[in-house]
Amino acid sequence: MPLPVPRTSHQRQQLAFLFFAVVVLCALVFFAARALNDGFGNSEAVTHQARTQLETPLRLQKLMQMSIMRVHHFHIRGHHDEAAHFERERQAVDSLFAEAFSARNGPDVRDLEMARGHWNEAVENARKVLALVAPTSVPLDRIHADIQQIDMAVMMASDAIGRVHERDRGQISRRAEEAAHHNRSLVRMVLGAFTLTLLAVSAAGITVYRSQVVFRELSARDGLTGLLNRREFHRQLQRQLAQNSRPGHACSLILLDIDHFKSVNDTYGHQFGDTVLQLISQCITREVRGGDLVARFGGEEIVVILPGATSNEAGVIAGRIHRAIASAACTAPDGSCVRLTVSIGIASFPEDAHTEDSLIRAADQAMYDAKSRGRNQVRRHAEWATFLHPSSGALSGPLPET
């Protein structure tokens, strides 16, 4: 599990902004959904109102035609019950006129007044015809003249109502287009705001993620040498041992200590000691493989994790490191050239140890064995694996060359 990383005030501000942006995004989605629902609800209301408004003139025309047909039936058949039917339908027409007047103004009212005037004229003439006792005995010329006047009045009333109907269609089309335009504008506005907010949230999230990555990387590094710190070393070692725990896999550890580092600090000062640590860290980093992990273990001790490396392969890398440091020189504040040496211990998993603690302890024992034998040498944990002669500094066994 990754170790918890403390957050800086800048990171807390970024997280607060990200949280605020997410809240704004959620609120925007909520209000956008409500606005769209209201907008489409208004469109449905406009559609229903339009349907009702368009139906009224058509019903008026149809009902007037049906009423006048009663007069024609009476003239042809002489049935007196047609008068009662006519009066009922006439009342229905008057009710529709009242309904039509209540929802209109301007030119529509004038046309409706004209239509109602023609309708009243038709009603008056129709009542005269329907009042005849025996319509079939009345001369045809007289009946035809009355019926023609009725038909003409109804036709003129229908024409006036037709004009109202056409204007209704135009107004309703405009209102429907306005409602559709409003809905389209609302959708574009919501999508635009949603996109901008989403971009802001994404940008904030990416910024927070990058800062977390950078901060995590910095928190895993030693401030002086740039190597992994001890906490990150333990995390990486646990991971490498878990990955190389299968049969046939190995993992080695190199632990080195700078010889006489306390004397260097006491003689030349701690600032020069820091320079020595940086120089040795650079030498080690240059000599290890690409996947190896170098960490500052503490003080003047540096440790190298060698994933997949056996004891012999670790010896090759340790030999390179030893020679690189021995050939390096550091100029002291007084101008003198200071030669550096290190004592190196090697331990391998699972050859020398089977756990993280025991592997570190084995490498530490090998390193102190190198120190006890005179420093400036490489020692493996196994007593028989001596790479550098303790007294002369010559190789007592073949140290693999690269």
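The values are calculated or read from the model by the stated rules, or taken from the named source; none is laboratory data. Being a predicted model, the structure only gives us computed values, none of them experimental. Don't worry about glycine lacking a Cβ; one is built from the backbone with ideal geometry, like all the others, and counts go over all protein chains shown.
For this structure, a couple of remarks:
- Yes/no for ARG235 being in a helix (DSSP H, G or I) and closer than 27 Å to GLU313 by Cβ: yes
- Number of positions in region 331-376 that are acidic (Asp, Glu) and surrounded by 20 or more Cβ atoms within 10 Å (Cβ to Cβ): 1
- Just so you know, in region 307-330 the residues that are within 48 Å of the chain's Cα centre (by Cα) and outside any helix (DSSP H, G or I) include one that is surrounded by the most Cβ atoms within 10 Å (Cβ to Cβ), and it is ALA309.
- Residues satisfying the stated conditions in region 269-298, i.e. of a type in the set (Val, Ile, Thr) and in contact with a Cys (Cβ under 8 Å, 6 or more places away or on another chain): THR275, VAL276
- Out of GLY226, GLY162, one residue alone is in contact with a helix residue (DSSP H, G or I) (Cβ under 9 Å, 6 or more places away or on another chain), at positive phi and either of a type outside the set (Val, Ile, Thr) or outside the structural domain of ILE254 (by TED's automatic domain parsing) (or both). It is GLY226.
- Within region 333-384, the set of residues being of a type in the set (S, T, N, Q) and farther than 30 Å from TYR268 by Cα comprises SER348, THR355, SER358.
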